[in-house]
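Q: Okay, handing you the structure first.
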Amino acid sequence: GLELALQVLQDASRRPTGVKLLKRVVMLLSDGNQKGEDGTALALAAANKVKQSGATLVAVGFDAVDPNTIIQFASKPKAQNAFFGDGGIADIVSNFAASYCDIFKQ
């Protein structure tokens, strides 16, 4: 997931001279169930690497996800980049659509 996104971001930074790099955004969808004992810690470490690369990480949580985990995944400002789908996918789409343009203005 996030490790593949980081690889794509790194590959995109190796662009020909004169080619402008657009705003980089990674969207993470999570139900909060990471694999293995250290799953959450490993996922948060991967999320931090993505954010350190300069990309905006938009975290979307659904089902029984811990809101604190999604907030930790998301880039700052957290209120703009962390979404919760308590009402299902329609709720996530609605929340994301309301903030979509603001994400790219930063």
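Q: Want the number for ILE71 to LEU44: 0.36 nm per residue separation, take away the alpha-carbon distance, what's left? Numbers along the way, then the final one.
A: Working: separation 27, 0.36 × 27 = 9.72 nm, distance 1.05 nm.
Roughly 8.7 nm would be gained on extension.
Q: Project the alpha carbons of the range 35-80 onto their principal axes and report the range along each, largest first, in whole Å.
A: 28, 20, 12
Q: Could you check the simple spin-label distance between GLU3 and MET27, using points 7 Å along Cα→Cβ, in nm with one decimal?
A: 2.4
Q: In nm, give the distance between the simple-model label positions of ALA12 and SER53, each being 7 Å from the Cα along the Cα-to-Cβ direction.
A: My value for the distance between the label points is 0.8 nm.
Taken together, the values in this text are just the output of simple stated rules run on the coordinates, not laboratory data. These numbers were taken from a predicted model, which means no experiment stands behind them. Quick reminder, even Gly has a Cβ in these numbers, built from the backbone with ideal geometry, and neighbours come from all protein chains shown.
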